[in-house]
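Okay, structure first, notes after.
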Amino acid sequence: MKRVDVARILGEETTTEDLFVSSIGGILDDWWNHRPGGEDNTLSVSILGSVSSTALGLAIALPHRRVVAIETDGSMLMNLGILCTLGAERPPNLTVVVLDNGLYECIGSAPTLTSRHADLRLIAEGAGCLHCMDVSSEDALRASLRSVLSDGELGFVVAKIEPGMEVWPAEKRRYTDGVEDKYRFIRHVERLEGIVVHASSPHV
């Protein structure tokens, strides 16, 4: 199973009513092309280690809205403390999906510690997270997503993926400087929720 397969299946098993917080790296273009409805429903944070914490805040702020954190092993390892917070809070509307290939693939493929003895599922279980599971096939991933996305409890899915990145043509690449991405996501949430998150300053 490859990274792009996880993006495709996740896009098929979620809806335009869901919100996503994504890691950076290889997942950006894959998810851009498979996000449900092609909506601006995803906030891609630019700092590794901040994906699940950002998604946690979003899930707490919008308890009626399903939120998915699209994590990577490298990002997760940079903030293992968030697992203890997730295990304590257990937001029922949050699902964490970790893409684990054992590599920092976008910066030269240096190995992460999941390539040795670190087991993110066991660490999450020890931190008190619910419904923690490893999957390594498309069928297992689809089945796990259908379970954790609909059970009304915190879910933590580690998708074991093969190294390798999908090569997308230029017209299907996701180009953003992060700032534009943030405001597009804010405006999407405002439309979805009928609220004002960030008011524009009036022209003087």
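The values are calculated or read from the model by the stated rules, or taken from the named source; none is laboratory data. Everything numeric here is computed off the predicted structure, so don't read it as measured data. Using ideal geometry, Cβ is built from the backbone for each residue, glycine included, and neighbour counts are taken over all protein chains shown.
In segment 1-56, of all residues being in a loop (DSSP other than H, G, I, E, B) and polar (S, T, N, Q), the one that is surrounded by the most Cβ atoms within 10 Å (Cβ to Cβ) corresponds to Ser23.
Give the residues of segment 127-146 that are exposed (fewer than 15 other Cβ atoms within 10 Å of the Cβ) and over 23 Å from Leu103 (Cα atoms), sorted by residue number. Within segment 127-146, Asp139, Ala143, Arg146 qualify.
A single entry from Leu154, Leu141 fulfils the requirement of being touching a Lys or Arg at 6+ places or on another chain (Cβ under 7 Å), closer than 22 Å to Phe20 by Cβ and either modelled with pLDDT of 95 or more or of a type in the set (Val, Ile, Thr) (or both): Leu154.
With respect to Ala59, is the statement that it is modelled with pLDDT of 95 or more, in contact with a Ser or Thr (Cβ under 6 Å, 6 or more places away or on another chain), crowded, with 24+ Cβ neighbours inside 10 Å and not in a loop (DSSP other than H, G, I, E, B) true? No: the conditions fail for Ala59. Scanning segment 25-42 for residues that are under 12 Å from the mean Cα position of the chain (by Cα) and within 21 Å of Arg187 (Cβ to Cβ) yields Leu28, Trp31, Arg35, Asn41, Thr42. Can you work out which of the residues in segment 169-185 that are within 28 Å of Ser109 (Cα to Cα), within 17 Å of the chain's Cα centre (by Cα) and not basic (Lys, Arg) is surrounded by the most Cβ atoms within 10 Å (Cβ to Cβ)? Restricting to residues being within 28 Å of Ser109 (Cα to Cα), within 17 Å of the chain's Cα centre (by Cα) and not basic (Lys, Arg), the top hit is Asp181. Considering Arg90, Arg66, the condition of being out of contact with any strand residue (DSSP E or B) (no Cβ under 9 Å at 6 or more places or on another chain), modelled with pLDDT of 95 or more and surrounded by fewer than 23 Cβ atoms within 10 Å (Cβ to Cβ) is satisfied by Arg90 alone. Considering the conditions (1) farther than 16 Å from Val158 by Cβ; (2) of a type outside the set (Lys, Arg); (3) within 11 Å of the chain's Cα centre (by Cα); (4) modelled with pLDDT under 95, Phe20 is excluded by exactly one of them, (4). Among the residues of segment 72-83, not a single one is hydroxyl-bearing (Ser, Thr, Tyr), surrounded by fewer than 18 Cβ atoms within 10 Å (Cβ to Cβ), touching a helix residue (DSSP H, G or I) at 6+ places or on another chain (Cβ under 8 Å) and not in a loop (DSSP other than H, G, I, E, B).
Looking across Ser50, Ser23, one residue alone is over 23 Å from Ser144 (Cβ atoms) and among the hydroxyl-bearing types (Ser, Thr, Tyr). It is Ser50. The residue pairs whose first member lies in segment 87-99 and is within 13 Å of Asp151 (Cα to Cα), whose second member is among the basic types (Lys, Arg), and whose beta carbons are closer than 8 Å, counting only pairs six or more residues apart or on different chains, are Asn93/Arg65; Asn93/Arg66; Thr95/Arg66.
For segment 47-97, a residue qualifies if it is closer than 14 Å to Ser23 by Cα and of a type in the set (D, E, K, R), and the qualifying residues are Glu71, Asp73. Screening Ser109 with (1) at pLDDT 95 or above; (2) surrounded by fewer than 19 Cβ atoms within 10 Å (Cβ to Cβ) gives one miss only, at (1). Is it the case that Asp119 is at pLDDT 95 or above, more than 17 Å from the chain's Cα centre (by Cα) and of a type in the set (Asp, Glu)? So Asp119 passes the test. Checking each residue in segment 122-168 for being without any contact (Cβ under 8 Å) to a residue 40 or more places away in the chain, assigned to a helix (DSSP H, G or I) and under 16 Å from the mean Cα position of the chain (by Cα) picks out only Ser144.
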